Amino acid sequence: MKKSEFPDAFEDARKSKGLGYMNDQDDPVQMVMRFRDLRKCAHDWKTFTSAGEVGRTVVPSEASIRETRQIPFEVDPPEHRGYRQLVENWFRRPSQPEYKARLKVIIDEMIDHVLDGKEIDVVSEFALPIQSRALTLLLNSRYEESEVWIGWGTHVFRSEGEALDGDKAALLYDYIDDEIERARKNPCGDLYSVLLESEIDGRPLTKEEIKGVMILTFAGGRDTVINTITNTIAYFAENFEKVKSLKGDENGIARAVEELIRYFSPLTQLARVATEDTEVCGSKVPEDTRISLCYAAANRDETVFECPNEVKFDRKVNPHVAFGFSIHNCLGSTHARALMNILIPSLLEKIGRIQLNEAEENIEELGEFTRKVGFHKLNAQFYPA
């Protein structure tokens, strides 16, 4: 099997029952796997809430290591609307030409840096630096801060071999606390400063609310972006002639970005908590138990996507849910799309060949399912065009 192949771990369960099951730290999850069922549940925030106990909306649950509510991700209407409107324009900035130009500089410099044929680990020496340096644009932070973030590794809540790492999470919390105080004393136009100057319902945001936005910003787009970049490099290396056909085709590249994101689905699932006794796919869901919106399964639903296990750059209709659906669709999607729509043409312009070498797959253990989500390590050599 090619390194860039990602099997559908959920096909049998999706076709037969539409549901899967996993026990997450003694907090069971029924996994909703069909596209239409998932969208229906995602839209029904009154029955399936994101605003319950802090941390339970994530799989694996972060309830044991996090007390701060991620905003607006763990808030439902009517409060959700105010928080979302507060930050939405900020997170739309990646669509601006100036932002894209600065992002292209970061990506081009990184590609140029590896174009010497020396073997690198794509995860830690390519994808992680791009993700962290691009994040300085999203936060409008100093470029030098990216070196701190690179030092955290690919996930802010996990260490290698650990499902969750409370000590590592505490590093992020302390860092954000310090940055909020720094911005309070010396506002400079970064996201911290903007939030400190913002109001909701006629009052300033509390420190805890600001911290909630920042935790979401750091955690939500970290390993997902790193996986997307790394997986794209693997695909690029093994399907070079196919990808080369996109050169100069802006619309084709945009379609390819959406298709790669659908196929790789870098975020497997997120949870919701039932507010009452209900049912999904004929299965009982008791009050205060969890379902998950299994985006990776829904994005391979054969009733929606023709040949779902193939990467089809000419897919005309691609309503994938890799960025979520309904009110809680991903705030960082504009940034992620901008990054990918710059990365691919830059690779096509600068790269002549990528040689893949040793790889260590990142496999998620999800109860009865095992899913390849990316790589812990992907050694490669980049050669210029």
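Things to note:
- Those residues of the stretch 321-337 which are under 30 Å from Arg133 (Cβ atoms) and over 14 Å from the mean Cα position of the chain (by Cα), in sequence order: none
- The single residue among Gly117, Gly189, Gly151 that is surrounded by fewer than 17 Cβ atoms within 10 Å (Cβ to Cβ), without any contact (Cβ under 8 Å) to a residue 12 or more places away in the chain and out of contact with any Lys or Arg (no Cβ under 9 Å at 6 or more places or on another chain) turns out to be Gly151.
- For the residues Ala13, Ala63, Ala42, the requirement of being of a type outside the set (Lys, Arg), more than 17 Å from Val280 (Cα to Cα) and outside any strand (DSSP E or B) singles out Ala63.
- When the residues of the stretch 1-29 are filtered to those that are buried (at least 21 other Cβ atoms within 10 Å of the Cβ) and either touching a Ser or Thr at 6+ places or on another chain (Cβ under 7 Å) or of a type in the set (Phe, Trp, Tyr) (or both), the one that is farthest from Lys242 (Cα to Cα) is Val29.
- Any chance Ile106 is under 28 Å from Ser193 (Cβ atoms), modelled with pLDDT of 95 or more and not acidic (Asp, Glu): yes
- Some residue of the stretch 234-249 being closer than 24 Å to Gly324 by Cα and in contact with a Phe, Trp or Tyr (Cβ under 9 Å, 6 or more places away or on another chain): yes
- Helices (runs of 4 or more DSSP H) fully within the stretch 104-209 that include at least 2 residues being touching a Phe, Trp or Tyr at 6+ places or on another chain (Cβ under 6 Å) and among the aliphatic types (A, V, I, L, M): 166-185.
- Considering residues of the stretch 70-97 that are in a loop (DSSP other than H, G, I, E, B) and over 18 Å from the mean Cα position of the chain (by Cα) only, the residue surrounded by the most Cβ atoms within 10 Å (Cβ to Cβ): Val75
- Evaluated against (1) closer than 23 Å to Ile107 by Cβ; (2) β-branched (Val, Ile, Thr); (3) assigned to a helix (DSSP H, G or I), Val311 falls short on exactly one condition, (3).
- Filtered by the rule that a residue be under 16 Å from Asn379 (Cβ atoms) and small (Gly, Ala, Ser), the stretch 344-360 gives a lone residue, Ala359.
- Evaluation of Thr47 against the conditions (1) touching an Asp or Glu at 6+ places or on another chain (Cβ under 9 Å); (2) within 18 Å of Tyr173 (Cβ to Cβ) shows that the sole unmet condition is (2).
- When Glu349 is tested against the conditions (1) within 29 Å of Ile215 (Cα to Cα); (2) more than 20 Å from the chain's Cα centre (by Cα); (3) surrounded by fewer than 16 Cβ atoms within 10 Å (Cβ to Cβ); (4) among the charged types (D, E, K, R), the lone failure is (1).
- Index of the failed condition, Phe382 passing every other in (1) surrounded by fewer than 21 Cβ atoms within 10 Å (Cβ to Cβ); (2) at pLDDT 95 or above; (3) more than 25 Å from Cys41 (Cα to Cα): (1)
- From the list Gly202, Gly221, the one residue that fits, being free of Cβ contacts under 8 Å to residues at least 40 places away in the same chain and among the small types (Gly, Ala, Ser), is Gly202.
- Candidates in the stretch 271-310 are the residues that are basic (Lys, Arg) and within 25 Å of Val373 (Cβ to Cβ); of these, the one that is surrounded by the most Cβ atoms within 10 Å (Cβ to Cβ) is Arg272.
The values are calculated or read from the model by the stated rules, or taken from the named source; none is laboratory data. On a predicted model such as this, the values are computed, not experimentally measured, just so you know. All Cβ positions, glycine included, derive from the backbone under ideal geometry; neighbour counts span all protein chains shown.
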